[in-house]
Each structure stands twice: as structure tokens, then as C-alpha cells.
Amino acid sequence: MGIETGAAWRELRTHYEQVAELQLTQIFADDPRRAKEFSLEFQGLFLDYSKNRITRESLDLLMNLADEVQLSAAIYDMFAGKKINVTEGRAALHTALRAPKSSRIESDGVDVVPQVHAVLDQMEEFSQTIRSGQWQGFTGKPIRNVINIGIGGSDLGPMMACEALRAYSQRNLNIQFVANVDGSDFAEAVQGLHADETLFIVCSKTFSTDETLTNARTARSWLLEQLVDKDAIAKHFVAVSTNTEEVQAFGIDTQNMFGFWDWVGGRYSLCSSVGLAVMVSIGATNFRAMLGGFHAMDEHFRTAPLAQNMPVLMALLGIWYNNFFAAETHAILPYDNYLKHFPAYFQQADMESNGKCIDKSGAEVAVQTGPIVWGQAGTNGQHAFYQLLHQGTKLVPADFIGFAQSHNPTCDHHDKLMANFFAQTQALAFGKSSQTLADEGVEAALIPHRTFTGNRPTNSLMAEKLTPFVLGQLIALYEHKIFAQGVIWDVFSFDQWGVDLGKNLAVEILHQLQSDEASNANIDASTAQLMARYRKGRGAS
Ligand code: G6Q
């Protein structure tokens, strides 16, 4: 029996029929207090959700849904370290990574907080030696280039946060990321770099990910081509992993290994040693300030009543569009260039967590689950895909994220940027009617093409400035939104079995591509034809 059979869902469905045609123009005109009442502030982070197609009753019914699935108990279980990642037999305790030293959080009867802080201290010491130039490469030179080699959760988080907090970075350090097994990624990253000034962070929870190990081996060869002596490896490679044995086998000194734990999922691991590149870039004080922002939002999520709980509200609004308005996608549109990787980061976090069609009992779900998440930093998107947002046939709920202050206040750039933010949410919500166009004297034949129906929902998130603290708040906000939605859809949000099949098939296909004889065993006709073409093209057949 899925969620769709419950009373709350059925009431929401009936309610949807009643309010689906409501126009934001009308409901704003009817209620002058709406903007104020449908807004929420938490420690400087402001959410205006008034431009959503909801009434107070919609919210009450959505809250009933949260109660019906016992969301509060699920939140409690996650924070308490219960093994909610059932299919992998693990807890999902990323919140422990940003808990203050004084807290006590147990996993398997062990308080994990001291371990977390010991690793943070180790990271601090290490990043300080790099930042100060104390860490010397094999030829005695300080490190100028830091290259994180990792993929998925071991890449997107630190890459996103390094860019988001670039204004706080130590500018004489060049931090780069190599993820793709495509050799071009590595080749371009090291263009023009000197090995004796370059440090690689091999970032892999399992230390068995093929892309990462392939890139790491290439990095080792590149380094040894220049520095020749194998002893150089210890000065130019460090590892972030849970797998000591494999780190050792690779030749990395385990003194220079930063651990984490199996209760941290890859896509939720930014606050662990996976964030090492971020700490090197912005320093320990800023990194800890970011953890403070995460923790503040964790506490808000854990303790605030559901109706005033920012992640819960955003989760329920997402459910409202995904499941009742049949919206297929959700856009994240940050009006801050430093957040340019933020949509891609949450594309992984959301789609890998809630892109599931099987519920916790093992049955097929009867309702739509995770949306397609996408987006881009404004205002570039306005000159590209916003046409569809304004006039397309699809409903695309969107989050706009903006700041009152810029890190680079140049002339009136920031006013212009934010004017666009405000204008877009206004245009999406209220549109422009054919009557107005007619009154303006627009040629009749053009009126349908120039009409904006409006009624396109957005959330607006604003803070004073994109600081490390605010970034932490924002990331935790979305993490918990995703969790709350997973609870409602009754899917396991912390596994990712869907990435396995392709990965395993690639192993077999690679074997065939690299053997002299093409056996084509277990290969379908289409794939065999493509492989044959590839073999011929690369000159191997
Ligand atoms: C994230 C996933 C996945 C993972 C990568 C890298 O939640 O688990 O994106 O982070 O596959 O894995 P390793 O860190 O083990 O190399």
C-alpha cells in the first residue's frame, strides 16, 4: 500500500482539482499579506515561497502528508545514526561531520564525534603546511598546484565549494579537479604545470573506482617522468579514503591519508576529508565556518516545527508540483557566478538519491519520485533556456538564489544582476496578459506570441552575502529537502544501485576491446556493431 492510498494524498488530490486553476495574479491581489506570510527566515537565510501555486489549505494538507509518513520520526532516526541506508546496511550520518566537538553521536555504539574532529584537525595541520609553503615538494619547492582526482561524490562537492568560495581562496594556489576517465581531462589539467610544484589529492572513498585509479596512475607516471625518483610520490600524493590497504598499495604514505567512514555517502561527503581541497583553498577557519552553516541548518531541520522548517517546506512544495501538477523537472537558478556548479552538485545529490522506482518494501512505486534537476547560474540562462520557462508547455518550478552583496562590487553590475533575479520571478509568476498587450497597441497577430501566461512557480532564497556559513546553510537545506522527499516517496535515498549495471558491463566490454579476438559473447547486435566500428576506427582490427 503506497502513499497514494493514504488519506493525506487523497485529500491533496481533491484539493489539487480545486486550486489547479488559481492564478498567482489573483491570489496576490486577494491577499496583501501573502508575501509576508509565505516567507521564512533562518539565521540570515530568507525563503520567500509566496510565488507558489498554493493556498494556506494546500500547505496544511501537505503538512498532513508529512505527518502521515511520520517525517519527524524519520528525521530523528537519521540524526540518531539508525541504519536507514538499509540496502547497504549503513547509517547516513553526514550530519555528524559538522557536529560540534561537544556533541555525542553514536554509530554501532561508538561515539563518532572525536574521530570526526581528529580528522578535521589533521586536515587543518596539512592544509596549513601547504598554504604557508612549508610543505616542500621533492625538489624543495613549495606547492603551487593542487589537483583533486576523484569522481562523483569525490569530485562534485569539493569542486562546487571551491568555486563557490573562491573569493575566500588563497590566490597563489591553483586548485584543479580531474574526474573524467577521458584522458583529455587530465591532460588539460596539467598543461604547463611543473610536477615539482604539484600535489595530487587522490580522493576515493573505496579507492577502487576505475576512473579515479586510472587518472591517479596517469598522474603518477606524469610525475615520475619529470621527477624520476619513486620517493617523490610521498611528497606529491596524498589520499582521502576509507581504504588504507589500497592507498598503501598505490604507494601513498598512509601518514598522508585522510580517513572517513562508511556511514558517509559519497554525495553527502563534502564535510568529511573529501573537502580537503576546499580547506587547502580557503583555510581551516573558513572551512569550519562552512561547517557551522551546515550544522545550523541541521539543527533547524532537526528541531523546527514542520510548518516552519525550511527543508520540509521546500520538500513539500516539490512534491506538490512533481506529484500533483506532473512537473517533471526542477530548476536551480543561482544568481551568483560563484555558484555555477551548485545546480550540477544537486543534480547528483537529488537524482542519485531519489531517482528510484522501487519502494522500501521492494514493490514498484505507484507515484512519481525524484524530479530531473538542472540549472545554471543567472543571467546566462535568460539568453538561453528561459524562453521555455516563460512560454513552454512544461511547468518548471524553479529556485532562484541571490545575495544582497557581491564579492566584486563593480559599478552597477550587482544591481543589474539582482534586478534580473527579481524581474524573472515576477514575470514567471504574473506574466503579461493579452489585454495589456492590446492596450499597448501590439499588433493583433503578434499578441498570442507575446503573451506570458504567468502562474509559473518559484522559490526565492536570499542571504546577505555568499559566505562560507551561508554556503553550508544552503547545501544542508537541499540535502535535507532531498531526504524529506525520499521519506514521503518511501524510497531508500542513500543507495545508488542504478549506477552498477553500466559500470559492470563496461568491465566486460573493455576486456573484449583489449583482447585480440572480438568474441562478442553476451554482446547485442547493436553494441557489437558499434564496437566493431570503434576497433576499426582506432586501427586495431
Ligand atoms: C555518491 C556515489 C558516487 C561516488 C563515486 C566515487 O554518492 O556513491 O558518486 O561518490 O562513485 O566513489 P569513490 O569515492 O569510492 O571513488
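Values quoted throughout were computed directly from the atomic coordinates according to the rules given, and no laboratory measurement underlies them. A quick note: this is a predicted structure, and the numbers were derived from the prediction, not measured. In this analysis, Cβ positions are derived from the backbone assuming ideal geometry, glycine residues included, and neighbour counts consider all displayed protein chains.
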Practice prompt. Compute the FRET efficiency between GLN391 and PHE422 as 1/(1 + (r/R0)^6), taking r as their Cβ-Cβ distance and R0 = 22 Å, and round to the nearest 0.05.
Written response: 0.65
Response to the item:
For the chain, percent of DSSP beta bridges that are antiparallel (nearest 5) comes out at 30
Discussion item. On a straight-distance basis, which aspartates and glutamates could pair with LYS101 in a cross-link, Cα separation under 17 angstrom, same-chain partners fewer than 8 positions away excluded?
Written reply: ASP111, ASP121, GLU124, ASP298, GLU299
Fill in: Estimated Rh, region 349-392: Kirkwood, alpha-carbon pairs, angstrom
12.9
Worksheet, complete the sentence: Computed about the Cα centre, the charge dipole of region 248-372 from +1 Lys/Arg and -1 Asp/Glu charges at the Cβ has a magnitude in debye, to the nearest 20, of 160
Worksheet entry | Per-selection metrics, region 1-158 (Cα): Rg and Dmax in Å | 24.3, 73
Worksheet, complete the sentence: Taking the reciprocal of mean 1/r across every pair of different Cα atoms in region 65-110, the Kirkwood radius in Å is 11.5
Practice prompt. Given a cut-off of 24 Å, name the pairs among LYS36/LYS465; LYS82/LYS465; LYS356/LYS465; LYS360/LYS394 whose C-alpha atoms lie farther apart than that in the structure shown.
Written response: LYS82/LYS465; LYS356/LYS465; LYS360/LYS394
Response to the item:
Taking HIS413, HIS330, HIS15, HIS194 and counting other beta carbon atoms within 10 angstrom, the fewest-first order is HIS413, HIS194, HIS15, HIS330
Worksheet item: Which value, in debye to the nearest 20, gives the size of the charge dipole of the chain about its Cα centre, when Lys and Arg are +1 and Asp and Glu are -1 at the Cβ?
Response: 800
Practice prompt. Determine by what factor the alpha-carbon radius of gyration of region 442-531 differs from 2.2 N^0.38 Å, reporting the quotient.
Written response: 2.08
Worksheet item: Any idea which of GLY362, GLN391, VAL470 is furthest toward the positive side of the dipole for region 344-487, if Lys and Arg beta-carbons carry +1 and Asp and Glu beta-carbons -1?
Response: GLY362
Practice prompt. Arrange the following residues from fewest to most other Cβ atoms within 10 Å of their Cβ: GLU163, GLU68, GLU37.
Written response: GLU37, GLU68, GLU163
Worksheet entry | log₁₀ of I(q)/I(0) at q = 0.13, 0.16 Å⁻¹ - region 478-538, Debye sum with one point per alpha carbon | -0.54, -0.62
Worksheet item: How much length is gained if the chain between ASN504 and THR285 is pulled fully straight, taking 0.36 nm per residue apart and subtracting their Cα-Cα distance, in nm to one decimal?
Response: 74.7 nm
Practice prompt. Assign unit charges at the C-beta atoms only (+1 for Lys and Arg, -1 for Asp and Glu), then state the dipole size of region 332-377 relative to its Cα centre in Debye, rounded to the nearest 20.
Written response: 40
Worksheet entry | trypsin sites (Lys or Arg not before Pro) restricted to region 1-45 and DSSP loop, no more than 12 other C-beta within 10 Å | ARG33
Discussion item. Given the options ALA99, GLY431, ILE75, identify the residue whose Cα lies farthest towards the positive end of the charge dipole of the chain (+1 on Cβ of Lys, Arg; -1 on Cβ of Asp, Glu).
Written reply: GLY431
Practice prompt. Measure off 7 Å from each Cα along the Cα-to-Cβ vector at ASN520 and VAL228, then give the distance between these two points in nanometres to one decimal.
Written response: 5.1
Item to complete: Calculate, for GLN382 and ASP182, the FRET efficiency according to 1/(1 + (r/R0)^6) with r their C-beta to C-beta distance and R0 35 Å; round to the nearest 0.05.
Response: 0.70
Worksheet item: In terms of the ratio Rg/(2.2 N^0.38 Å) built on C-alpha atoms, what value belongs to region 74-187?
Response: 1.35
Worksheet, complete the sentence: Exposure proxy check on ILE201, ILE147: fewest-to-most Cβ neighbours within 10 Å is ILE147, ILE201
Worksheet entry | Calculated diffusion of region 162-264, Stokes-Einstein form, Kirkwood radius summed over Cα pairs, 10 °C and 1.306 mPa s, µm²/s | 109
Practice prompt. Measure of size requested: the Rg and Dmax of region 307-421, with Cα atoms as the atom set and Å as the unit; please supply both.
Written response: 16.4, 58
Fill in: Ratio Rg/Rh [Cα only; Rh per Kirkwood] for the chain
1.00
